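Visitor: Here's a structure for you.
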Amino acid sequence: MFYRESGQFKSAYAADQAMFPILQDRIGMAVILAVAFVGVPMVANDYFLSTLLIPFLIFALAAIGLNILTGYCGQLSLGTGGFMACGAFAAYKLATALPEMNIVVVFLLSGFVSAAVGVVFGVPSLRIKGFYLAVATLAAQFFLIWLFTKVPWFVNYSASGVISAPPRDVFGFYVTGIEATAEAKYIFCLSFVAVLALVAKNLVRGRVGRAWMAIRDMDIAAEIIGIKPLQTKLLAFAVSSFYCGVAGALWAFIYTSSVEALAFDINRSFQILFMIIIGGLGSILGSFLGAAFIVLLPIFLNVVPTAIGVPLSTAMIAHMEFMIFGALIIFFLIVEPHGLARLWQLGKEKLRLWPFPH
Amino acid sequence: MTGDILGFLFGPLKEIWEFPIFFVEVVIGGLLTGVMYSLVALGFVLIFKASGVFNFAQGAMVLCAALSFVGFQELGAPIWLALILTLATMLLMAMAIERLVLRPLVNQPAIILFMATIGITFFIDGLFQTIWGSDIKRMDVGIPKEPMEFGGVLVNTFDIVAALVAGTLVATLAFFFQSTRIGRALRAVADDHQAAQSVGIPLRTIWVIVWAVAGLVALVAGIMWGSKLGVQFSLALIALKALPVLILGGFTSIPGAIIGGLIIGVGEKVAEVYWAPGIGGGIEDWFAYILALVFLMFRPQGLFGEKIIERV
Amino acid sequence: MANKGRVIGDTLLKVENVSLGFGGVKALTDVSFDIRKGEIRAIIGPNGAGKSSMLNCINGFYHPSAGQITYKGQVRKQMRPHETAAGGIARTFQNIALFRGMSTLDNIMTGRLLKMKRGFWWHCLHWGPALREEIEHREHVERIIDFLEIQAIRKTPVGRLPYGLQKRVELGRALAAEPDLLLLDEPMAGMNLEEKEDMCRFILDVNEEFGTTIALIEHDMGVVMDISDRVVVLEYGRKIADGTPDEVKSDKRVIDAYLGVPHE
């Protein structure tokens, strides 16, 4: 009754093409942002911020990255972890080699480093498609992790192979290192993710996104209307790896503060892939929903059985997670390939008609 | 600098020249590992040929088969009973997969089916570890592991047995495919689903059979790998190596799977022994993938695959 | 009733002695014909005559094994489809090749991709020049949507549309590129009479209003004879006749080919 577009007439194409054409959505988004930036840091405790919200934001960013490549451009990648590792180690090398460089610049630059690596591993996508490409991205995954584990230069010759984030500040607030508060870290992550999510949304709704989707839906027809397949795919690889790289850098610097290459192994790649399948292929919103789901599920499995008196062992929880992810992936692929995002949309359609369902 | 690189590249060649017996041992070791890769790859090829599904879960099936086999034995079943029970489990699994995953997803794009098999992978990994536990289990089916000597070359007895088992399995499958009625039906389905259905071949039964046969192959691979390394989760990851093997051999060719496996096995062993020490070791993790990747750039259809002609 | 005061200009595209083979199968043998500016040129022939292969050669999807194709006065060497698209050739497909995951509007907008010049960074912002460009092209696309009378399905995902409308959207996507040469592969296949009439009208209007040169493959002889200026007839990959509809209609080999008189 309150959520509908009647009475909101659009008189310009610009208004029709806006991100949130309906007024209620615009208000909703503004409220979410206000709560996220102001409300949450005021009420949430450190535990809540640093074990739930920060990983959620970082996962969402990586999921956006993979969604651009797989959901929008149709190129399945199992190498997300490798590209995240690229970002993490590039950020570490940059931050330690150039201590006076602003940490925001460091993160962006490490994103570009990942983008370059992504392009290199994207080149085979011209010749190969589908699961062949998936195997090619596995090559990236295994090679990159090996590289960061075996070549001591990447960890500044530390014996443990672990990199620790040096303390850095933005506008006088520490965002990395031990002096950084959870609130500062959270706000920093949130700003990064909000801006990059907006950029991603802009890309996918314009010329670039249409070219990606054309390649995804039918690459031959796309080429025949003048889309250059290699450039378009490589651009998707670059943008996707940029997002994954920045996510990896945030992971290493903000979330865990110290990390080894194995944190980005093949299981990380699968985890991100699950987020986009469950959240929704080809949807920015879905990347957030999928990330939220994957962050919340283990907590749910931990808390609920304990609450009803049958606590599960850690191993059991891990196995249950595996089963639930596996089952959900099959479920979503069969029933709703557009994932949670599509369910959300259907919910809105219903709401639009409420309380008169027909 | 240039000298270093040349030394790194060509130094090992000198070593090979000077100690040929050791080189032969390395190659044989590689060939035997390759046989094991081929065993896993074979399961992929069977399913791909008959249903066009690229079954990512083959590795998980290897793990599940090995886990069940050891698990039944731990419960007190003798080997033969454990074998039968495991086979029954794999058959049940094949039926469940056909009913719950393949049937609802029929006619979906290949990439969707591929992702669905990733889902299967995780589901059965979780399920079987929930049932049988995730500790490393020792498997012993009574194959001796002493080294034997052939003309100065040391070879592990176990590896020879593994190679013989693999050979027998391949020969049996080849016979099954070429000469039996079910085999002909399988090949018909592989060629054209709809045409096969229209001449009365029951598609669903065929799928169940193929997945069950792939389960059998997984069991053999699981027993072999399991006796060698112990039954543990990493078996599922070793099986990922079958992917580059397939790329090399072509997705539709049984001889391709065998030869691809041997090439990868020898290639990565030789590279690991001779070249890896110069760059930090452990290149077995990725060598096969990069080899496959380079190969893909030049021959996307694999050694034995059919050339792909695109149509509009 | 062919030429209704159409202005037929110089040769736009010339196919000379083109042959095409796949392994042992010869799809085309020594085919030559030309397409002149402003005309509607039909390619007809029985099933398997090589018509679609011919279109595929023209837009660069296949590369002829012998012979050459001259387009706008330049001999083409091994062009990829996206290069011919940049040269002003657009086409539709026999089995609709729309982007099924996208809306009608987005599908037609993809036809404008070649005309959009703003760089990647502007599109990251989706603001200023990039937004202006989007809107400018949206206006053009809306004119096509009006022209094809598909306003109501603007935001519907094309996968949900009925067959006839999908064909129309596909035509819209090809038109959005403002092509110099439009290739239509069986634009009316599988349509009912009414839909065919609509499609005929659109084709004639496109030719008339935008002066677009059109080459089309069609099975419906009535339609072909009505709307085309010249017809080339293929059989078993060879050209057996070429001329105005009236000339072709009375050609003995064409009649034989269509009525199935065996080769001597």
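The values are calculated or read from the model by the stated rules, or taken from the named source; none is laboratory data. What you are looking at is a predicted structure, and each value in this text was computed from that prediction instead of being measured. Counting neighbours? That spans all protein chains shown, and the Cβs are built from the backbone with ideal geometry, glycine included. Note: areas computed on protein heavy atoms with side chains; ligands, DNA, RNA excluded. Shrake-Rupley method; radii C 1.70, N 1.55, O 1.52, S 1.80 Å.
Let's see how each residue does on (1) within 12 Å of chain A (Cβ to nearest Cβ); (2) in a helix (DSSP H, G or I):
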| residue | (1), (2) |
| --- | --- |
| C:GLY159 | yes, yes |
| C:LYS167 | no, yes |
| C:PRO187 | no, no |
| C:GLU197 | no, yes |
| C:ASP205 | no, yes |
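Visitor: Looking only at region B:274-286, which residues are more than 9 Å from chain A (Cβ to nearest Cβ) and either open to solvent by 40 Å² or more (accessible area, probe 1.4 Å) or of a type in the set (Phe, Trp, Tyr) (or both)?
Guide: B:TYR274, B:TRP275, B:PRO277, B:GLY278, B:GLU284 - these are the residues of region B:274-286 that are more than 9 Å from chain A (Cβ to nearest Cβ) and either open to solvent by 40 Å² or more (accessible area, probe 1.4 Å) or of a type in the set (Phe, Trp, Tyr) (or both).
Visitor: Right, next: Pairs please, first residue from region B:293-312 and among the basic types (Lys, Arg), second anywhere and open to solvent by 90 Å² or more (accessible area, probe 1.4 Å) and modelled with pLDDT under 60, Cβ atoms under 8 Å, 6+ apart in sequence or on different chains.
Guide: none
Visitor: Only one of these conditions is not met by C:GLU178: (1) in a helix (DSSP H, G or I); (2) within 24 Å of C:ILE96 (Cα to Cα). Which number is it?
Guide: (1)
Visitor: In region A:233-246, what residues are at the interface with another protein chain (Cβ under 10 Å from one of its Cβ atoms) and surrounded by 24 or more Cβ atoms within 10 Å (Cβ to Cβ)?
Guide: Listed by number, the list holds a single entry, A:VAL239.
Visitor: Where in region A:1-90 are there helices (runs of 4 or more DSSP H), lying wholly inside it, with at least 2 residues that are at pLDDT below 90 and open to solvent by 40 Å² or more (accessible area, probe 1.4 Å)?
Guide: So the answer is A:13-16, A:23-34, A:40-43.
Visitor: Among the numbered conditions (1) at pLDDT 90 or above; (2) within 12 Å of another protein chain (Cβ to nearest Cβ), tell me where B:ALA65 comes up short.
Guide: Looking at each condition in turn, B:ALA65 falls short on (2).
Visitor: With farther than 17 Å from B:LEU219 by Cβ and small (Gly, Ala, Ser) as the only criterion, which of B:GLY133, B:GLY142 stands out?
Guide: B:GLY133
Visitor: If I go through region C:57-89 residue by residue, how many of them are assigned to a helix (DSSP H, G or I), open to solvent by 40 Å² or more (accessible area, probe 1.4 Å) and not aliphatic (A, V, I, L, M)?
Guide: Within region C:57-89, residues that are assigned to a helix (DSSP H, G or I), open to solvent by 40 Å² or more (accessible area, probe 1.4 Å) and not aliphatic (A, V, I, L, M) number 1.
Visitor: Before we move on, is A:ALA182 away from chain C (no Cβ under 14 Å) and either under 19 Å from the mean Cα position of the chain (by Cα) or within 28 Å of B:PHE54 (Cα to Cα) (or both)?
Guide: Criteria not met by A:ALA182.
Visitor: Search region C:90-121 for residues being in a helix (DSSP H, G or I) and facing chain A (nearest Cβ under 9 Å), and hand back the single one that is surrounded by the most Cβ atoms within 10 Å (Cβ to Cβ).
Guide: C:ASN107
Visitor: Tell me, please, whether a residue that is within 14 Å of chain C (Cβ to nearest Cβ), part of a helix (DSSP H, G or I) and closer than 30 Å to C:LEU105 by Cα can be found in region A:186-196.
Guide: Scanning region A:186-196, I find at least one residue that is within 14 Å of chain C (Cβ to nearest Cβ), part of a helix (DSSP H, G or I) and closer than 30 Å to C:LEU105 by Cα, so the answer is yes.
Visitor: On to the next question. Just to verify a result, which residue in region C:126-154, among those that are at the interface with chain A (Cβ under 9 Å from one of its Cβ atoms), of a type in the set (A, V, I, L, M, F, W, C) and surrounded by fewer than 16 Cβ atoms within 10 Å (Cβ to Cβ), is nearest to A:VAL239 (Cα to Cα)?
Guide: Restricting to residues being at the interface with chain A (Cβ under 9 Å from one of its Cβ atoms), of a type in the set (A, V, I, L, M, F, W, C) and surrounded by fewer than 16 Cβ atoms within 10 Å (Cβ to Cβ), the top hit is C:TRP127.
Visitor: Inspect all residues belonging to region A:146-167 and state whether any of them is facing another protein chain (nearest Cβ under 8 Å), under 22 Å from the mean Cα position of the chain (by Cα) and part of a helix (DSSP H, G or I).
Guide: So far as region A:146-167 goes, no, none of its residues is facing another protein chain (nearest Cβ under 8 Å), under 22 Å from the mean Cα position of the chain (by Cα) and part of a helix (DSSP H, G or I).
Visitor: Another one. Within region B:112-139, count every residue that is more than 8 Å from chain A (Cβ to nearest Cβ) and either more than 24 Å from B:LEU229 (Cα to Cα) or crowded, with 18+ Cβ neighbours inside 10 Å (or both).
Guide: Selection size over region B:112-139: 6.
Visitor: Which residues, taken from region B:203-237, are of a type in the set (Phe, Trp, Tyr) and either away from every other protein chain (no Cβ under 14 Å) or in a helix (DSSP H, G or I) (or both)?
Guide: Of everything in region B:203-237, those that are of a type in the set (Phe, Trp, Tyr) and either away from every other protein chain (no Cβ under 14 Å) or in a helix (DSSP H, G or I) (or both) turn out to be B:TRP207, B:TRP211, B:TRP225.
Visitor: A further question follows. Output yes when any residue across region A:284-297 is among the aromatic types (Phe, Trp, Tyr) and within 14 Å of chain C (Cβ to nearest Cβ), and no when none is.
Guide: Looking through region A:284-297, none of the residues is among the aromatic types (Phe, Trp, Tyr) and within 14 Å of chain C (Cβ to nearest Cβ).
Visitor: What number of residues within region B:80-111 satisfy the criterion of being within 10 Å of chain A (Cβ to nearest Cβ) and either open to solvent by 20 Å² or more (accessible area, probe 1.4 Å) or within 20 Å of the chain's Cα centre (by Cα) (or both)?
Guide: Residues flagged as within 10 Å of chain A (Cβ to nearest Cβ) and either open to solvent by 20 Å² or more (accessible area, probe 1.4 Å) or within 20 Å of the chain's Cα centre (by Cα) (or both) within region B:80-111 amount to 8.
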